[in-house]
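Report on the structure given below.
The values are calculated or read from the model by the stated rules, or taken from the named source; none is laboratory data. This is a predicted model, so every value here is computed, not measured. Don't worry about glycine lacking a Cβ; one is built from the backbone with ideal geometry, like all the others, and counts go over all protein chains shown. Note: areas computed on protein heavy atoms with side chains; ligands, DNA, RNA excluded. Shrake-Rupley method; radii C 1.70, N 1.55, O 1.52, S 1.80 Å.
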Amino acid sequence: MTKDQANAMWGGRFAAGPDAIMEAINASIGFDKRLAAQDIAGSRAHAAMLAAQGIISDTDAQAIREGLLTVLSEIESGSFAFSTALEDIHMNVEARLKEVIGEPAGRLHTARSRNDQVATDFKLWVRDQIDAAVQGLQALIAVLLDQAEQGADWVMPGFTHLQTAQPVTWGHHMMAYVEMFGRDMSRFADARARMNECPLGAAALAGTSFPIDRDATAAALGFDRPAANSLDAVSDRDFALEFLSCASICAMHLSRFAEELVIWSSAQFRFVTLSDRFSTGSSIMPQKKNPDAAELIRAKIGRIFGANVALMMVMKGLPLAYAKDTQEDKEQVFDAADNLMLALAAMEGMVKDMTANRPALEAAAASGFSTATDLADWLVRVLGMPFRQAHHVTGALVALAEQKGCDLPELSLEDMQSVHSEIRADVFDVLGVHNSVASRLSYGGTAPEQVRAQIARWRETLA
């Protein structure tokens, strides 16, 4: 299509086409063509409503709806020729529709504007991405539950400050991420419910004088209701910001888990072995098996966070209602969504394939005086010590064990009684790591029976 043809769509206001620089800065078809399916769905719903309201004829509406399906099939097959001169997906679709069906195509834009059209398209696209993210999270949670169930009673060290703190179970650690990703699902679902209002019918900014039925178009597109204020409807991008906020928190959780996988798969830890499918080798060091997928997931957070900040900066100074600035709302959202879905899929694959090294986990759990808190609790529970005194006695016993080059369970009863004479032989019942984790029976604790109860709850939730 020529520039003259493109300008004809604007009417007589512009006598000459924009120069190459203006065309380049003004065009968005290079990225918003991703909205093609949503744009055509919105236009089909709009045409059906116009006919139902008697605003256009049934014959024209039928031609428009069928012609739009032809355009969609051309786009999906890759045969559609996108034109930068036509600026965006909306004008590209409408121009091609006119070529397909002729004069009735000109009636499609009755009682709407590109402002409410793009807001509707973008909202539909973001809603689809939220649904995809929830599905990705469900798949990731499912493989985490499998890992947790397999290792519900496998002991491993729990860390604070990346220092050995107390023994926990492998299942408990996996379930911590289940809880995180479960909150991510909840955030996405909450954002979806809030955003599910239809902008279509707000027109440019003030609504329209045509007797449209906004409830009908909202229902046809799966929205709960039409947006209640036309100014807000065309200028709102909260839905995209909420999506990016949810995606950022989710990506942060993925990044934390990726960091642990990088640490755990190292030769120094040997807690897990990642499959060859999600690892790479070195060009020079033949022994290397690098956790590249985990490292790349860890890096994705920067792009997703950056998208969130970028859109905030676009929106922060815009007066109502529409401004061309909001053309800059999509590229970063598209990029963030792509990278979030890639990271979710990669993490699901890694967790599904990874093998936990039970002997290494247990050996590490028993090191670093990990049962010191159990000893202090025993002193409180059995000898009736105030906790602060028990903490002091336990610290002295740890110092003694360090001096002797052993762990707490390897001290003799005489060694312990040299620090506090009332300590009895049954103290050793609480010093083993398996005894320690089994005793943590409080709700949400690391005891295997608590872990299995949480697994069952989550399986029921997913089902």
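Report whether or not ALA191 is part of a helix (DSSP H, G or I) and open to solvent by less than 50 Å² (accessible area, probe 1.4 Å).
yes
Within segment 121-140, is there a residue that is out of contact with any Pro (no Cβ under 9 Å at 6 or more places or on another chain), within 30 Å of ALA447 (Cβ to Cβ), open to solvent by 30 Å² or more (accessible area, probe 1.4 Å) and of a type outside the set (A, V, I, L, M)?
There is at least one residue in segment 121-140 that is out of contact with any Pro (no Cβ under 9 Å at 6 or more places or on another chain), within 30 Å of ALA447 (Cβ to Cβ), open to solvent by 30 Å² or more (accessible area, probe 1.4 Å) and of a type outside the set (A, V, I, L, M).
Just a yes or no: is a residue in segment 409-422 touching a residue at least 24 places away in the same chain (Cβ under 8 Å) and either in the same structural domain as GLN147 (by the TED database) or among the acidic types (Asp, Glu) (or both)?
yes
Can you list the helices (runs of 4 or more DSSP H) lying wholly within segment 296-395 that have 3 or more residues being crowded, with 17+ Cβ neighbours inside 10 Å and out of contact with any Gly (no Cβ under 9 Å at 6 or more places or on another chain)?
Answer list for segment 296-395: 331-353, 372-383.
Could you say whether any residue in segment 256-263 is closer than 29 Å to ASP329 by Cβ, within 25 Å of the chain's Cα centre (by Cα) and in a helix (DSSP H, G or I)?
yes
Being in a loop (DSSP other than H, G, I, E, B) and more than 15 Å from MET347 (Cα to Cα) narrows it down to one residue among PHE239, PHE210; which is it? Even if it seems obvious, please write down each step before you answer.
Numbers: PHE239 fails: in a loop (DSSP other than H, G, I, E, B).
The conditions single out PHE210.
Output yes when any residue across segment 193-204 is more than 28 Å from the chain's Cα centre (by Cα), touching a residue at least 60 places away in the same chain (Cβ under 8 Å) and more than 30 Å from ILE56 (Cβ to Cβ), and no when none is.
Looking only at segment 193-204, we keep the residues that are more than 28 Å from the chain's Cα centre (by Cα), and these are 201-204.
Restricting the remaining residues to those that are touching a residue at least 60 places away in the same chain (Cβ under 8 Å) gives 201-204.
Subsequent filtering for residues that are more than 30 Å from ILE56 (Cβ to Cβ) retains none.
No - not one qualifying residue is present in segment 193-204.
Note down all Cβ pairs under 6 Å where the first residue falls in segment 20-40 and is free of Cβ contacts under 8 Å to residues at least 60 places away in the same chain, the second is open to solvent by 50 Å² or more (accessible area, probe 1.4 Å), and they're at least six residues apart or on different chains.
Taking only residues 6 or more apart or on different chains, the pairs are LYS33/PHE82.
Can you find a residue that is more than 20 Å from LYS330 (Cα to Cα), open to solvent by 50 Å² or more (accessible area, probe 1.4 Å), within 31 Å of the chain's Cα centre (by Cα) and not assigned by the TED database to the domain that holds ALA203 anywhere in segment 35-45?
Checking segment 35-45: at least one residue is more than 20 Å from LYS330 (Cα to Cα), open to solvent by 50 Å² or more (accessible area, probe 1.4 Å), within 31 Å of the chain's Cα centre (by Cα) and not assigned by the TED database to the domain that holds ALA203.
Checking PRO448 against (1) within 17 Å of ALA390 (Cα to Cα); (2) at pLDDT 90 or above; (3) not aliphatic (A, V, I, L, M), which test does it fail?
Looking at each condition in turn, PRO448 falls short on (1).
Return yes or no: is LEU400 open to solvent by less than 70 Å² (accessible area, probe 1.4 Å) and modelled with pLDDT under 90?
So LEU400 does not fit the description; no.
Considering (1) within 22 Å of ARG114 (Cα to Cα); (2) assigned to a loop (DSSP other than H, G, I, E, B); (3) among the small types (Gly, Ala, Ser); (4) open to solvent by 50 Å² or more (accessible area, probe 1.4 Å), say which one ALA267 fails and leave the rest.
Exception for ALA267: condition (1).
Residue-by-condition table, conditions (1) basic (Lys, Arg); (2) farther than 18 Å from ALA148 by Cα; (3) assigned to a helix (DSSP H, G or I):
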{"residue": "MET416", "(1), (2), (3)": "no, yes, yes"}
{"residue": "ASP429", "(1), (2), (3)": "no, yes, yes"}
{"residue": "LEU441", "(1), (2), (3)": "no, no, no"}
{"residue": "GLY445", "(1), (2), (3)": "no, no, no"}
{"residue": "GLU449", "(1), (2), (3)": "no, no, yes"}
{"residue": "ALA453", "(1), (2), (3)": "no, no, yes"}
{"residue": "ARG457", "(1), (2), (3)": "yes, no, yes"}
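Out of the residues in segment 419-434 that are in contact with a helix residue (DSSP H, G or I) (Cβ under 9 Å, 6 or more places away or on another chain) and open to solvent by 90 Å² or more (accessible area, probe 1.4 Å), which is modelled with the lowest pLDDT?
Taking the candidates together, the pick is ASP429.
For segment 194-225, what are the residues that are in contact with a Pro (Cβ under 8 Å, 6 or more places away or on another chain), open to solvent by 20 Å² or more (accessible area, probe 1.4 Å) and over 19 Å from ILE130 (Cα atoms)?
Answer for segment 194-225, where residues must be in contact with a Pro (Cβ under 8 Å, 6 or more places away or on another chain), open to solvent by 20 Å² or more (accessible area, probe 1.4 Å) and over 19 Å from ILE130 (Cα atoms): ARG214, ASP215.
Can you tell me which residue is most open to solvent (accessible area, probe 1.4 Å) among those in segment 72-84 that are under 32 Å from the mean Cα position of the chain (by Cα) and not aromatic (Phe, Trp, Tyr)?
Taking the candidates together, the pick is GLU76.
Inside segment 30-139, counting only helices (runs of 4 or more DSSP H) that do not spill past its ends, which hold 2 or more residues that are under 16 Å from PRO199 (Cβ atoms) and aliphatic (A, V, I, L, M)?
The qualifying helices (runs of 4 or more DSSP H) are 36-52.
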